[in-house]
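In what follows, a structure is listed as structure tokens, so that the remarks can point back to it.
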Amino acid sequence: MTTPGGAVSAGAPLVGRGKRRRSRLAMREARDGYLFIAPWLLGFVLFTAGPMLASAVLALMRYNLFSPPVWVGLANIKKLVSDDIVWLSLWNTAYYTFLSVPLRLIASLVLALLCVQKIRFTAWFRTFFYLPSVTPAVAMAIVWFWILNPDVGLANTVLRAIGLPPSKWIWDPKTSKSTFVLMQMWTAGGNTMVIFLAGLQNIPQSLYEAAQIDGASGWAQFKNVTVPMLSPVILFNLVMGIIGSFQVFTGAFLMTAGGPANSTLFSVLYMYRLAFEQFEMGYASAFAWLLFLVILVFTLLQLRMSESWVYYEGG
Amino acid sequence: MATLSRLPRSAQATAAHGGQHPPASYYIKRALLYLGMISLSIVFMVPMAWMLSTSLKLQGQVFAHPPIWIPRPIMWYNYVEVLTVAPILRWLGNTCVVTVAATLGTIISASMVGFGFARLRFPGRGALFALLLATMMLPHIVTQIPTFIMFKYLNWHDTFLPLIVPSFFGGGAYNIFLVRQFYLTIPTDFDDAARIDGCSTFRIFWQVMLPLSRPDLATVAIFGFMAHWNDFLAPLIYINSFDKLTVTLGLSRFRGEYGTTAWHLLMAASVVAVIPCIAIFFFAQEHFVQGIQMTGMKG
């Protein structure tokens, strides 16, 4: 991404340089600037900073929406630490994230590389791969629920037809999380692929030509040209993928309701239950903050580690 | 041809080989490539094809073994039936209201904020823009509960307002970023000329910048449309009344009632919910890749 800031402070020296007219213009421009970004600034206070602060305060209270909130201090946090379901849901979420994000990144990169090959109909193939990403997750969850049905579903019919043992998919704690990993490759893979495609198109063709003149093989070109040039995009997909996966919800909410044996009880699903089914707003806020901090740590870790492998042009 | 995007296609492979016939290994490679692409396409399209196929079956054929792909007779009547047993048209209407209003809010506010960040100089601009980018990485879960409580105190529960109003406050960091990147590509001569003519900033925005950025705003509109049409969690939290459900939420309720018995009707309802998305996608697909390319995602 572009470095935020850049030539930003350029406006400041204009002010107070003695030239009255110039400074008045700069003042007016600054006023207009604040006016134009006001919607976002207001939204940031109303829907981001304010609620985050409120959430931190709520985490120290007991509040069920109907009676006034009661200050409980660190009680919610103590409860979090000893709540086995909290840790189970974090484990489920982490398991899902660390399996699904790398797999999806690799699969999407392969799809994107296939889509830039010089063959016909690539535009159609791209469309086919991308289409599941633009359809409502609810409809997709419903059709997958039907396909994965162990007795009459299409998935097991196909497995039996080619002589493989049928699976219980989301109805077996041993395979339920992996099944969600497979499904998200199908539903979200196209989205990641399109971002990779955009990145691939930004790589100058001359780099490949130079590599070919040096006699680099296809794999060497991929390793030494494609990957470094694509590394900022890989980082973007990695960071956004981890943030998104940690908040996985809809599929599990609709298909398994967290089961079987809580094996797909992901964190946001548990938080949803605490907040909107049991109305434990304080405890749910404490849990939300815990999840937020977990995501933050992983994001910062990624950004930190990226310094060693992401290549920025001209940087 | 209606295809995902119009990318510059390099010289045809045959041209690279001049007049000579390429070696046999070249044909084998290409055949494998096509085979791989076609099988992958099938894998990606089968669930949707199965949904469509099931939606047109007699109830008795739904569980047929081996599976029937082309139903006979084709039960178009399933669609009539599903519209009579559930207020799907009503839900579609609700979704349209929410989606159109929220997308409008996204376009208006994102283009304003993007313009401000791209074209106007003011103290603190760099820091504020960094903050904006940082919010892109912020998981929404932490703000959800207080926002829910706030809307409850505003008596907005079970109305469309919680689904619409937040879009008028910037329309999301990603969209602002997208618009700003676009405005940065327009030469400043345009604003300077207008300013010398005595144009106010607002007129520059309204009469110079907005008309220039129409294709970019189309991209934002499509992203906004998809996000709001497909949204599930927000309607789930805020909407209760049966006649106010959005189509995704309605679909999940409908499934609760018919999910185990009437798969053909449930699939018909799903097709109805999916079709507007696919239609919009085919209608405007070049904007997708353009929009993603616009952000650059470079160093």
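Only one of B:His228, B:His287, B:His264 is in contact with a helix residue (DSSP H, G or I) (Cβ under 8 Å, 6 or more places away or on another chain) and modelled with pLDDT under 85; which?
Details: B:His228 fails: modelled with pLDDT under 85; B:His264 fails: modelled with pLDDT under 85.
The unique qualifying residue is B:His287.
Checking B:Ile141 against (1) surrounded by fewer than 23 Cβ atoms within 10 Å (Cβ to Cβ); (2) without any contact (Cβ under 8 Å) to a residue 60 or more places away in the chain; (3) over 18 Å from the mean Cα position of the chain (by Cα), which test does it fail?
(1) is the only condition that B:Ile141 fails.
Would you mind telling me which numbered condition in (1) more than 14 Å from chain B (Cβ to nearest Cβ); (2) buried (at least 22 other Cβ atoms within 10 Å of the Cβ); (3) within 28 Å of A:Ser55 (Cα to Cα) A:Ser100 fails?
Of everything listed in (1) more than 14 Å from chain B (Cβ to nearest Cβ); (2) buried (at least 22 other Cβ atoms within 10 Å of the Cβ); (3) within 28 Å of A:Ser55 (Cα to Cα), A:Ser100 misses just condition (3).
Only residues that are among the β-branched types (Val, Ile, Thr), under 19 Å from A:Gly190 (Cα atoms) and surrounded by 14 or more Cβ atoms within 10 Å (Cβ to Cβ): list them for the stretch B:19-60, please. So that I can check it myself, show each step before the final result.
Residues of the stretch B:19-60 among the β-branched types (Val, Ile, Thr): B:28, B:38, B:42-43, B:46, B:54.
Next, from what is left, pick out any that are under 19 Å from A:Gly190 (Cα atoms): B:38, B:42-43, B:46.
Passing the criteria: only B:Val46.
Each row is one residue, and each column tells you yes or no for (1) over 29 Å from B:Arg253 (Cα atoms); (2) in a helix (DSSP H, G or I); (3) at the interface with chain A (Cβ under 9 Å from one of its Cβ atoms).
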position: B:Gln20; (1), (2), (3): yes, no, no
position: B:Tyr26; (1), (2), (3): yes, yes, no
position: B:Ile68; (1), (2), (3): no, no, no
position: B:Asn94; (1), (2), (3): no, yes, no
position: B:Val97; (1), (2), (3): no, yes, no
position: B:Thr106; (1), (2), (3): no, yes, no
position: B:Phe117; (1), (2), (3): yes, yes, yes
position: B:Pro123; (1), (2), (3): yes, no, yes
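A:Arg304 fails exactly one of the following numbered conditions: (1) surrounded by fewer than 20 Cβ atoms within 10 Å (Cβ to Cβ); (2) not in a helix (DSSP H, G or I). What is the number of that condition?
Exception for A:Arg304: condition (2).
Looking only at the stretch B:146-180, which residues are more than 9 Å from chain A (Cβ to nearest Cβ) and not in a helix (DSSP H, G or I)?
If the condition is that a residue be more than 9 Å from chain A (Cβ to nearest Cβ) and not in a helix (DSSP H, G or I), then B:Leu154, B:Asn155, B:Trp156, B:His157, B:Asp158, B:Thr159, B:Phe160, B:Gly172 are the ones that fit.
Is there a residue being within 30 Å of A:Thr226 (Cα to Cα) and either more than 8 Å from every other protein chain (Cβ to nearest Cβ) or over 21 Å from the mean Cα position of the chain (by Cα) (or both) anywhere in the stretch A:83-92?
Step one: of the stretch A:83-92, the residues within 30 Å of A:Thr226 (Cα to Cα) are none.
Looking through the stretch A:83-92, none of the residues is within 30 Å of A:Thr226 (Cα to Cα) and either more than 8 Å from every other protein chain (Cβ to nearest Cβ) or over 21 Å from the mean Cα position of the chain (by Cα) (or both).
Of all the helices (runs of 4 or more DSSP H) wholly in the stretch A:162-260, which have at least 3 residues that are out of contact with any helix residue (DSSP H, G or I) (no Cβ under 9 Å at 6 or more places or on another chain) and not aromatic (Phe, Trp, Tyr)?
On the way: elements: A:176-201, A:205-213, A:218-221, A:227-245, A:250-255.
Once the helices (runs of 4 or more DSSP H) in the stretch A:162-260 are filtered for at least 3 residues that are out of contact with any helix residue (DSSP H, G or I) (no Cβ under 9 Å at 6 or more places or on another chain) and not aromatic (Phe, Trp, Tyr), what remains is A:205-213.
Of the residues A:Met52, A:Met27, only one is over 30 Å from B:Ile204 (Cα atoms) and not assigned by TED's automatic domain parsing to the domain that holds A:Met183; which? Show your work before the answer.
Values: A:Met27 fails: over 30 Å from B:Ile204 (Cα atoms).
Answer to the check: A:Met52.
The values are calculated or read from the model by the stated rules, or taken from the named source; none is laboratory data. Since the structure is predicted, the reported quantities are computational estimates derived from the model, not experimental observations. All Cβ positions, even for glycine, are placed from backbone atoms using ideal geometry, and neighbour counts span all protein chains on display.
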